[in-house]
1. Among the residues of region 405-432, count how many are more than 15 Å from Leu454 (Cβ to Cβ) and open to solvent by less than 20 Å² (accessible area, probe 1.4 Å).
2. Given the options Ala83, Ala107, Ala111, Ala94, name the one that is open to solvent by 40 Å² or more (accessible area, probe 1.4 Å) and in contact with a strand residue (DSSP E or B) (Cβ under 8 Å, 6 or more places away or on another chain).
3. If we scan region 47-59, do we find a residue that is in a loop (DSSP other than H, G, I, E, B), in contact with a Lys or Arg (Cβ under 6 Å, 6 or more places away or on another chain) and open to solvent by less than 50 Å² (accessible area, probe 1.4 Å)?
4. Thr368 fails exactly one of the following numbered conditions: (1) farther than 27 Å from Asp143 by Cα; (2) in contact (Cβ under 8 Å) with a residue 40 or more places away in the chain; (3) hydroxyl-bearing (Ser, Thr, Tyr). What is the number of that condition?
5. Look at region 188-244 and say how many of its residues are in a strand (DSSP E or B) and touching a residue at least 40 places away in the same chain (Cβ under 8 Å).
6. Return the total of residues in region 259-278 being within 30 Å of Ala367 (Cβ to Cβ) and not hydroxyl-bearing (Ser, Thr, Tyr).
7. Is it true that some residue in region 426-437 is outside the structural domain of Glu284 (by TED's automatic domain parsing) and part of a helix (DSSP H, G or I)?
Amino acid sequence: MTTVQNHPTAPRTTADWQQADARHFLHPFTDFKGLAAKGSRIIAKADNIYLWDSEGHKILDGMSGLWCVNVGYGQQSLIDAAARQMKELPFYNAFFQTATMPAIELAEVLAEISPPQFQHVFFTGSGSEGNDTIVRMVRRYWDVVGQPERQVIIGRINGYHGSTMAGASLGGMSGMHAQGGLPIPGITHIQQPHWFELGQGQGLTRDAFGLQAAGWLEEKILEIGADKVAAFIGEPVQGAGGVIVPPATYWPEIQRICDKFGILLVSDEVICGFGRTGNWFGCETMGFKPDLMTFAKGVTSGYIPLGGVLVGDRVAQVMIDEGGEFNHGFTYSGHPTACAVALANIKLLRDLDLVSHVRDDIGPYLATRMAELDDHPLVGETQACGMMAAVQLVKEKGTEPGTGTCFASELDVGMLCRNHCFGNGLIMRAVGDRMIVAPPLVMTRAQIDEMMVLIRRCLDLTLAEVRERGWV
Ligand SMILES: *Cc1c(COP(=O)(O)O)cnc(C)c1O
């Protein structure tokens, strides 16, 4: 028999934690062996927009955890909501003709804050499960309306829709498709509206490029046959792909094409929802009307897992009136404690007026401050939308903003920069050579200034390093 020591008498050191971590914990999206050799950074506590590691270093969290801690850390009303609900009724399911009060109330509130076509919600435990639900629901919809041959769902290269079989298939991450035999059948992809990678150098304006990129959807639909296409899915602003803000012309044109062929339009709002772009949902900022929306992350500000699908009237009416039993659902669909935390989170977003704070004040301020980085020798393009922004690192700047020549990808300059950020108390993520932030919506202007000082310092350190290595 082995004894398990749950409560070691001496406090564990960082090295103890790292060793135990390396021995037993397989991290998501991680080279296990590489991390074990290096040791994880152990995050011990958080408040507002700051984290502290196990060594007591303070870090400004420019990524809101993982795009989710919209209201910042340490919000007492969310903590209280969880404790209260756990005492009253920590869990009950919604399978067998039962419901719990927080789930009903959250469904009601979501219908209130979302665009008018959304009156119904299907709850899941995560964004990935939300997108699995999307795949099953849109295919079921077309079965019920008597067009079962409409099975194909079109996503985008470099889109991200989660990590389950369906989520990873809808996404367009080649590294994910290469493992586990993905995508699953009936899912295909078009190119993304990524100006810096695909737009610049063609002599097009950004708006013209937006129309060109949306046109790739029409080409794909015609190639497959419109009568075989069920839906198109995209993130209003691509998040994990590198905060790629499409030209203003893109989404309205996508909408026009979907309408023309009667195809369902799905907005993956897992990052863009709950105020991130300066409206409750990203589709409102980008000017389109989806039939379905996936949500997760910001719905609870990440304090507890929750996700789901907002189902628009077009699909909901068919599923309700003619669909019969929908053979789909999760143990945690409508989890009362998660729903109670979501309700407290949405109440706080409202009480603090955070959505208009992002739209009218802090979002435009972040955009202005980010644009100042355009003068930096390493920066080829900056983009911002609400509280998300990107800085494209380049080997050589072009003649105008939004143009330039990239470093060879194997140099991994983004990773150099990210390491400087880590070393200087800033969490900023690298997607290739695109440095991205998505800070909590509660940030003040003074905190943005503090973040910008760190970002510029890290760009300077990275520039010094690439010069030293002879890469520029
Ligand atoms: C994070 C994310 C998901 C997946 O959500 P999980 O909760 O990690 O399953 C799906 N779509 C988008 C746009 C995301 O950013």
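The values are calculated or read from the model by the stated rules, or taken from the named source; none is laboratory data. Keep in mind it's a predicted model, so treat the numbers as computed, not measured. Note that each Cβ is placed from the backbone with ideal geometry, even for glycine, and that neighbours are counted across all protein chains shown. With ligands, DNA and RNA removed, areas are computed over all heavy atoms of the protein, side chains included. Shrake-Rupley method; radii C 1.70, N 1.55, O 1.52, S 1.80 Å.
1. Going through region 405-432 one residue at a time, the tally reaches 3.
2. Numbers: Ala83 fails: in contact with a strand residue (DSSP E or B) (Cβ under 8 Å, 6 or more places away or on another chain); Ala107 fails: open to solvent by 40 Å² or more (accessible area, probe 1.4 Å); Ala111 fails: open to solvent by 40 Å² or more (accessible area, probe 1.4 Å).
After applying the criteria, what remains is Ala94.
3. Just the residues of region 47-59 that are in a loop (DSSP other than H, G, I, E, B), to begin with: 49, 54-57.
Going one step further and asking which of them are in contact with a Lys or Arg (Cβ under 6 Å, 6 or more places away or on another chain), we end up with none.
No; the residues of region 47-59 include none that is in a loop (DSSP other than H, G, I, E, B), in contact with a Lys or Arg (Cβ under 6 Å, 6 or more places away or on another chain) and open to solvent by less than 50 Å² (accessible area, probe 1.4 Å).
4. (2)
5. Summing the residues that are in a strand (DSSP E or B) and touching a residue at least 40 places away in the same chain (Cβ under 8 Å) in region 188-244 gives 8.
6. 12
7. Restricting attention to region 426-437, the residues satisfying the condition of being outside the structural domain of Glu284 (by TED's automatic domain parsing) are 426-437.
Among the residues that remain, those that are also part of a helix (DSSP H, G or I) are: none.
Looking through region 426-437, none of the residues is outside the structural domain of Glu284 (by TED's automatic domain parsing) and part of a helix (DSSP H, G or I).
To keep it simple, each residue is scored yes or no on (1) free of Cβ contacts under 8 Å to residues at least 12 places away in the same chain; (2) among the aliphatic types (A, V, I, L, M); (3) under 30 Å from Ala46 (Cα atoms).
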| residue | (1), (2), (3) |
| --- | --- |
| Ala82 | no, yes, yes |
| Lys87 | yes, no, yes |
| Phe91 | no, no, yes |
| Ala94 | no, yes, no |
| Thr98 | yes, no, no |
| Tyr141 | no, no, no |
| Val145 | no, yes, no |
